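Okay, structure first, notes after.
The values are calculated or read from the model by the stated rules, or taken from the named source; none is laboratory data. What you are looking at is a predicted structure, and each value in this text was computed from that prediction instead of being measured. Note that we place each Cβ from the backbone using ideal geometry, even for glycine, and neighbour counts take in every protein chain shown.
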Amino acid sequence: MSRLTALAFALVIVVAAPARGSEEPKMDPALRSKAKRAIDGGLHYLRGTQAENGSWSDSVGITAIALRAYLESHRGYSEVDGAFISRPLSFILAHVNPDGSIGETNQNRNYNTAVSIVALQATGNPEYKRVVERAQRFLAGLQVDEGEGYDRSHAYYGGIGYGGDERPDLSNQYMAIEALRASSFDPDSEVWERALLFLSRCQNRSESNDQEWAGNDGGFTYMPGYSPHGGTTSYGGMTHAGLISLLFAGVDKNDPRVRAAYDWIRANYTLEENPGSGNAQGQYYYYTVFAKSMAAYDEAVVVSTEGVEHNWRNEFAEKMLSLQNEDGSWVNPDSSRWWEGDKNLITARIAVALNLTVR
């Protein structure tokens, strides 16, 4: 092709391409405004339930998620806005442990440390750099590998659990990966490659899962060879968590593992239930990972395997608006398992999810 022809071809593309301002918005503007008001309502509720010590529910983990909801909201809250931001930060920092973990208890150390990293990183304050780096090392140290006597052939290799002697699981793995990604953990670390091996062994995709039990629907289980909903059944909460983990670990959208997970989501697209679970347990966890994974995948419209187009932002916002209580809170009315009866936790989680939706 001659330079003149190439130039002419490029000009045709420029002329034919729609102006940026004419692109269809990812979300209906009126609905985005309503969703922002819903976020404000949730944050207002949290202002009213914040304890004198700055915490919510006297929990480092819940406090960190609530703080993240403020820091990432469309209001652009920061430490200069007052005690409702500075006090929860002080509460979190007061629970930094000598080993780098962050939390008020030896239980759930991965969860608490991971969400604390994300909240501290969201402040943009370089004063917390050392705390974050030590917390990163703590999370990396939780990963099951040769140090714990496991070789690469073991199903648990590369996984992360609660932080005690528990088996690793995909939920803890996703939380750790999200935190390490948010805090720009060393991209060349072997932690990522080991994590991907564990993720592959949680996915029902026999082409990349070397476990005998692996099926081929592309969805994810809670841990290798186990689903709390029976056998090795794939379900929504873990499939969205798996998709987030793959993307945040640096896997390309065109990778077959990512495509398989996304195709499971397309085949099971719904906001009426946690698909594959058969009950209301963990419903709001599902809503949270749904929004996170869809934002990370970054497609405005999900086309189901039946050919139905879903603007996930619009549909997610509409669903959350319909579930919000008059006081601005959200809570799972059908199951309190996994802390989903705690209004502070669920309100914070949904505010985080809606923040991603309205961006």
Check your understanding: Looking at (1) under 18 Å from the mean Cα position of the chain (by Cα); (2) among the hydrophobic types (A, V, I, L, M, F, W, C); (3) within 20 Å of Thr347 (Cα to Cα), can you tell me which one Ala280 breaks?
Key -> (1)
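The rows are residues; the columns are (1) buried (at least 24 other Cβ atoms within 10 Å of the Cβ); (2) in contact (Cβ under 8 Å) with a residue 40 or more places away in the chain; (3) part of a loop (DSSP other than H, G, I, E, B); (4) hydrophobic (A, V, I, L, M, F, W, C).
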| position | (1), (2), (3), (4) |
| --- | --- |
| Ser208 | no, yes, yes, no |
| Trp213 | no, no, yes, yes |
| Gly231 | no, no, yes, no |
| Leu243 | yes, yes, no, yes |
| Leu246 | yes, yes, no, yes |
| Asp252 | no, no, yes, no |
| Arg257 | no, yes, no, no |
Exercise for review: Scan region 108-124 and report the pairs whose first residue is in contact (Cβ under 8 Å) with a residue 12 or more places away in the chain and whose second residue is basic (Lys, Arg), with Cβ atoms within less than 6 Å and a gap of 6+ or a chain change.
Suggested key: Val118/Arg68; Ala119/Arg68; Ala122/Arg68
Exercise for review: Check off (1) more than 21 Å from Gly54 (Cα to Cα); (2) not in a helix (DSSP H, G or I) for Glu104 and give me the number that stays unchecked.
Suggested key: (1)
Review point. Would you say Asn279 is in a loop (DSSP other than H, G, I, E, B) and under 24 Å from Ala195 (Cβ atoms)?
Key: no
Review point. Under the condition of being touching a residue at least 60 places away in the same chain (Cβ under 8 Å) and either buried (at least 21 other Cβ atoms within 10 Å of the Cβ) or among the hydroxyl-bearing types (Ser, Thr, Tyr) (or both), which residue from region 44-58 is nearest to Tyr77 (Cα to Cα)?
Key: Leu46
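For the structure I just gave you, tell me whether Gln203 is among the polar types (S, T, N, Q) and either at pLDDT below 95 or within 19 Å of Asn112 (Cα to Cα) (or both).
no
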Point to revise | Criterion violated by Phe198 - all others in (1) assigned to a helix (DSSP H, G or I); (2) at positive phi satisfied | key: (2)
Review point. Of Gly149, Gly158, which residue is at positive phi and either in contact with a Gly (Cβ under 9 Å, 6 or more places away or on another chain) or modelled with pLDDT of 95 or more (or both)?
Key: Gly158
Practice item. Taking only region 259-276 into account, find how many residues are closer than 30 Å to Asp186 by Cβ and in a loop (DSSP other than H, G, I, E, B). Key: 0
Review point. Scanning for something in contact with a Lys or Arg (Cβ under 9 Å, 6 or more places away or on another chain), charged (D, E, K, R) and part of a helix (DSSP H, G or I), does region 136-150 turn up at least one residue?
Key: yes
**Study point:** Boolean, Tyr157 is surrounded by 20 or more Cβ atoms within 10 Å (Cβ to Cβ) and either farther than 17 Å from Thr288 by Cβ or β-branched (Val, Ile, Thr) (or both)
**Key:** yes
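In region 159-195, which residue that is small (Gly, Ala, Ser) and outside any loop (DSSP other than H, G, I, E, B) is farthest from Glu104 (Cα to Cα)? Break it down into steps so the answer makes sense when it comes.
First pass over region 159-195, keeping only residues small (Gly, Ala, Ser): 159, 161, 163-164, 171, 176, 179, 182-184, 189, 195.
Imposing the further condition that a residue be outside any loop (DSSP other than H, G, I, E, B) reduces the set to 171, 176, 179, 182, 195.
Numbers: Ser171: 20, Ala176: 18, Ala179: 19, Ala182: 23, Ala195: 27 Å.
Residue satisfying both the conditions and the ranking: Ala195.
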Review point. Conditions: (1) assigned to a loop (DSSP other than H, G, I, E, B); (2) touching a residue at least 40 places away in the same chain (Cβ under 8 Å); (3) out of contact with any helix residue (DSSP H, G or I) (no Cβ under 7 Å at 6 or more places or on another chain); (4) not acidic (Asp, Glu). Gly341 meets all but one. Number of the miss?
Key: (2)
